[in-house]
Amino acid sequence: MRIEIRLRPVGDDPILPFNYNYEVYRQIVEKISLISPRLAQEVEVSHVDHFTFSRILVRKRELIPESGIRILSETVSLYVSSHSPEVIGAIVEGFMASPSIRIGETDFVAEDVKPLKEPRIKDGTLFSTLSPIIVRTVKISNNRMKIWDLYPNEPTFFDKLRKVMLLRYSELYGSTPEDSAFKIEVIKFKPVRILVADTYYRGSLMIFRYWGSREIAKFGYDLGFGEKTKYGFGMVKVIDEGTEEK
């Protein structure tokens, strides 16, 4: 399930900071907590990610290198997705009960929250990321283990992505999918680096074509591809190539 939250900035000269993922994560959890403290606690402490969200889409903007993104459009959009109707329902009700959020030094008011139609995902579907995909591994450097973020041009990226998706799926549902084989072909990608709390993550914005397991495809659409998805990584959309409805 997926919703679009249309946010209107409040005040003069609204600026969106470059690194806002953790703030958005906290705001979403707070909205859930307004409706169900039990569910918010479960979402926070669980090692399973129960939702993901997009980058904030600013249609008219100006980059201010020292501070962030100057918002020139009347509204911006945030997309939130989950496998759970309960989670999505709590987020929607939370924004209805308390439509204000603050990101950086800018206040926003949610003026519209609406569900989005589920796309049809078929073999060869073309996906585009709405937030970067994170894939990580461990390397030994100077006799110490180091977390290493992988890019799609590295040979271990796809094998690690497959393992991550199967592990996350089995942790959520208690079993592996009936069909666990899938592959992706990256059409293009752009590396990005994002600060979440006190940790930098390197990920990839990309367009890729997907073949294989429908279960993993649906799981990835609902909860994101890759790792750390609850912090706003791995969200994808289906690109309409003219033969399928978006």
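The values are calculated or read from the model by the stated rules, or taken from the named source; none is laboratory data. Nothing here was measured: the structure is a model prediction, and the numbers come from that model. Every residue, glycine as well, gets a Cβ built from its backbone with ideal geometry; the counts of neighbours run over all protein chains shown. Please note that ligands, DNA and RNA were not included when accessible areas were found on the heavy atoms of the full protein model with its side chains. Shrake-Rupley method; radii C 1.70, N 1.55, O 1.52, S 1.80 Å.
For first residues located in the range 176-201 and assigned by the TED database to the domain that holds residue 155 and more than 20 Å from residue 220 (Cα to Cα), partners that are open to solvent by 70 Å² or more (accessible area, probe 1.4 Å) and among the charged types (D, E, K, R) and lie 6+ apart or on another chain with Cβ distances below 6 Å form the pairs 193/202; 200/193. Total residues in the range 217-230 satisfying the condition of being over 13 Å from the mean Cα position of the chain (by Cα) and either without any contact (Cβ under 8 Å) to a residue 40 or more places away in the chain or open to solvent by 50 Å² or more (accessible area, probe 1.4 Å) (or both): the figure is 1. Residue check: is residue 144 surrounded by fewer than 17 Cβ atoms within 10 Å (Cβ to Cβ) and outside the structural domain of residue 25 (by the TED database)? Here the answer is yes, as residue 144 does meet what is asked. Total residues in the range 77-118 satisfying the condition of being assigned to a strand (DSSP E or B), open to solvent by 40 Å² or more (accessible area, probe 1.4 Å) and over 28 Å from residue 168 (Cβ atoms): the figure is 6. Only one of 168, 214, 209, 193 is buried (at least 20 other Cβ atoms within 10 Å of the Cβ) and among the basic types (Lys, Arg). Can you tell me which? 168 is the lone residue from the list that is buried (at least 20 other Cβ atoms within 10 Å of the Cβ) and among the basic types (Lys, Arg).
Conditions tested, residue by residue: (1) among the basic types (Lys, Arg); (2) under 21 Å from residue 205 (Cα atoms); (3) without any contact (Cβ under 8 Å) to a residue 24 or more places away in the chain.
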{"site": "25", "(1), (2), (3)": "no, yes, no"}
{"site": "29", "(1), (2), (3)": "no, no, yes"}
{"site": "32", "(1), (2), (3)": "no, no, no"}
{"site": "84", "(1), (2), (3)": "no, no, no"}
{"site": "99", "(1), (2), (3)": "no, no, yes"}
{"site": "103", "(1), (2), (3)": "no, no, no"}
{"site": "130", "(1), (2), (3)": "no, yes, no"}
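Residues in the range 1-41 that are over 19 Å from residue 110 (Cα atoms) and more than 19 Å from the chain's Cα centre (by Cα): 36, 37, 38, 39, 41.
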